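First comes the structure, then the notes that go with it.
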Amino acid sequence: MSFIDELKLNASLTDVDDYYYSTYNPEDLIGPCSFSNNNSLSTVIGPYIHSIICFLGFVGNSLVIVTYALYKRTKSMTDVYLLNVAIADLLFVLALPFIVYNELYSWPMGPVACKLLRGSYSINMYSGMLMLACISTDRYIAIVQARRSFGLRSLSYSHVICVCIWVFALLLSIPSFVFYQWYEPTNHLVIMIGGNNQTATAPQYVCEMKFANSETATKTKVALPSIQLAVGFFLPLLIMIFCYTSVIVTLMKAKNFQRHKAVKVVVVVVVVFIVCHLPYNITLLYDTVSMFDQGDCEYVDFLQAVLTVMQTIAYLHCCLNPVLYAFVGVKFRNHFRKIFKDLWCISKRYMTPRRFSRGNSDTYLSTIRRSGDVSSETGSSFTM
């Protein structure tokens, strides 16, 4: 049984900080579940698989942000949404290593970092999913409601919508800021045998949810997964299905090769979203419904192991978003190639410092920005 599983078991015994003294016959005591399967998966998925996800997500989303900052500029609603998705995913993968560490070990970074970590994790999760729903809505307006799109698809509207989404995600994440606390669990069971006190593992600081009473704990442990399922998955899923189904129907009526090619892109976007998030959310729903049912150790261990695997698959989506939404566009791929071309040119210039001063370097970077702006065309990166 891992350290964090033992702490969670102790935290589930009571929500107060007092020691409980009892006299038990050691033969009557039943040891806690070992969760061997879930622990084995966590030791592999945590350090290794999540590291790959963090690396790929960091590189892909950073390239999207750099491209918008130096080359493309945001000239449509979809561009604004794509930039915000990249920011949310980047912050998500930056927080993921600390989340993994917190789940495997004790938390040494203090109460402020604990609340910021869990709160930002929740904010980025909600905002990223809702931004994807906004991209599908923008594509619906641009293609299905093309006659009305000029009045509805303005940059000012997109900025207001993005601000509202970030604020809404912050409001949904308030429980994470409130209930996640950095504390030293002191609710270990003390067993008095022959007058000698034998305590459990020495308490260490953890960053976990802590409640004042069992009623608050019950309501919160049901409400938080329910909100995550409703707002963080089913709402974006329903919006994407409706919008992209309408887009596909409209594109199929057009006798144009590019439009039919775009249908494949839409199908891939929806399928990847469902494959990544549907298994995890179904498992989370089942886990929430059966949260207070009694089950044997093997069953609970199996369910937690499945939840760990499905959650990792859901995390993969933050790596795929740059490919599906940004790099799939022809113009965005051109900007992406230009980044490496310009970086290669700059590196060659710096290898000959006598012929290339710092002033020339600044001039060259400004030229890159101007050339990127000139080569950019009005339109969306998610080219249909």
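Here are the numbers for this structure:
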item	result
Residues of region 64-76 classified as buried (at least 19 other Cβ atoms within 10 Å of the Cβ) and either touching a Lys or Arg at 6+ places or on another chain (Cβ under 9 Å) or within 17 Å of residue 93 (Cα to Cα) (or both), total	5
Helices (runs of 4 or more DSSP H) contained in region 193-295 and holding at least 1 residues among the aromatic types (Phe, Trp, Tyr) and at pLDDT 85 or above	235-253, 257-289
Failed condition for residue 146, given (1) more than 25 Å from the chain's Cα centre (by Cα); (2) touching a residue at least 24 places away in the same chain (Cβ under 8 Å)	(2)
The listed residue being buried (at least 16 other Cβ atoms within 10 Å of the Cβ), at pLDDT 80 or above, over 13 Å from the mean Cα position of the chain (by Cα) and in a helix (DSSP H, G or I), out of 93, 80, 85	80
Residues being over 19 Å from residue 277 (Cα atoms) and not β-branched (Val, Ile, Thr) - total across region 96-136	21
Region 133-182, residues that are in a helix (DSSP H, G or I) and in contact with a Gly (Cβ under 7 Å, 6 or more places away or on another chain)	176, 177
Breaking point among (1) in contact with a Gly (Cβ under 7 Å, 6 or more places away or on another chain); (2) modelled with pLDDT of 90 or more, for residue 72	(2)
Residue in region 317-332 that is surrounded by fewer than 19 Cβ atoms within 10 Å (Cβ to Cβ), at pLDDT 85 or above and touching a His at 6+ places or on another chain (Cβ under 9 Å) present	no
Residue in region 179-191 that is under 21 Å from residue 122 (Cβ atoms) and at pLDDT below 85 present	yes
Residue check, residue 76 among the polar types (S, T, N, Q) and within 23 Å of residue 207 (Cβ to Cβ)	no
Filter result (farther than 12 Å from residue 85 by Cβ and crowded, with 18+ Cβ neighbours inside 10 Å) within region 154-165	158, 161
Selection count where residues are at pLDDT 90 or above and more than 27 Å from residue 235 (Cα to Cα), scope region 100-140	0
Among (1) at negative phi; (2) surrounded by fewer than 17 Cβ atoms within 10 Å (Cβ to Cβ), the one test that residue 107 misses	(2)
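The values are calculated or read from the model by the stated rules, or taken from the named source; none is laboratory data. This structure is a prediction, so every number in the text was calculated from the model and none was measured. In this analysis, Cβ positions are derived from the backbone assuming ideal geometry, glycine residues included, and neighbour counts consider all displayed protein chains.
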